[in-house]
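Shown next, in structure tokens, is the structure this report addresses.
Bear in mind these aren't lab numbers, they're just calculated from the coordinates by the rules spelled out. Owing to the predicted nature of the structure, the values given are computational and were not obtained by experimental measurement. Cβ sites come from the backbone with ideal geometry, for glycine too, and all protein chains shown count toward neighbours.
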Amino acid sequence: MAREHPIQNRIVRILLSMAGVLAILVTLFAFAEMPESNPRAGDSSAQPTPGGVIVAGDAIRKTSGESTSLHSQTSHRTQSIDAPVSSPLPLFLSPVNYAGAAHARAVAVADLNHDGHADVVVANVNGLGVLLGNTGGTLQAGVAYDSGGSLAYDVKVADLNQDGKPDIVVANECAHDDCRYTTVGVLFGKGDGTFQSVVTYDPGGGFADSIAVADVNGDGKLDLVVSNCNLTSNNTECSSALRGTVGVLLGNGDGTFQSAVTYDSGG
């Protein structure tokens, strides 16, 4: 009669149990890797609804009435969305208008009084308007300043005299009541959002309509660059026969500037 071997039998049972567990794991892994099938015909969860979106397999389809179009590939889940697709929110709220002079030409935004709120400087037909900012993006009533001319066309804010207080520089198409001449106006800031009286400079041409502030010669002092046109013989309008000029006013570092040196604008 054959002798039983308890240890061998126990080992065999353990191996058979492990083989069974392994077979179950292989089966589960195979199911997890299988792609989902397309929705069955007649399945209400995959039927398009007017104005809705169907997400099925690899595709999103947008439906409108009886027409269905392939929209984009975004999901591997089958889902029905009955709600209409909403439009994205607007980037900006409705505008809020502020009273001021007519024909605003340009704006500059900076913290003029160091309160952490953005303030606005507007170049307009009569000069400059300064609107200090409040918390929440609203603005106070504008305060008018003489720009040193009329038809202010461009404006910039910079610390021209290096005192830590924002200053204003403005390009005027005309001197006061005389468009045979043009001016650049500089207003030093007091640091509280108010400004001193304007000081004017000749930009080296007529009808100045754009101004830039930069250190053009690398000496650490801010300079001015102004675009001008060449005037007709009676100095009343830009000459179509002559090319425009660029006037460069080098800064002295204290907010004053040297006489303009003009260059052909190339066009």
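A simple rule links phi to the HN-Hα coupling: the Karplus curve 6.51 cos²θ - 1.76 cosθ + 1.60 with θ = phi - 60°, which for region 220-230 gives x, 10, 6, 10, 10, 10, 10, 8, 10, 10, 7 Hz, with x for Gly and Pro.
Sorted by mean Cβ packing within 10 Å, highest first, what order do the peptides 142-152, 116-126 take? Before the final figure, lay out each step's value.
Working: 142-152: 21.6, 116-126: 19.0.
Descending packing order for the listed peptides: 142-152, 116-126.
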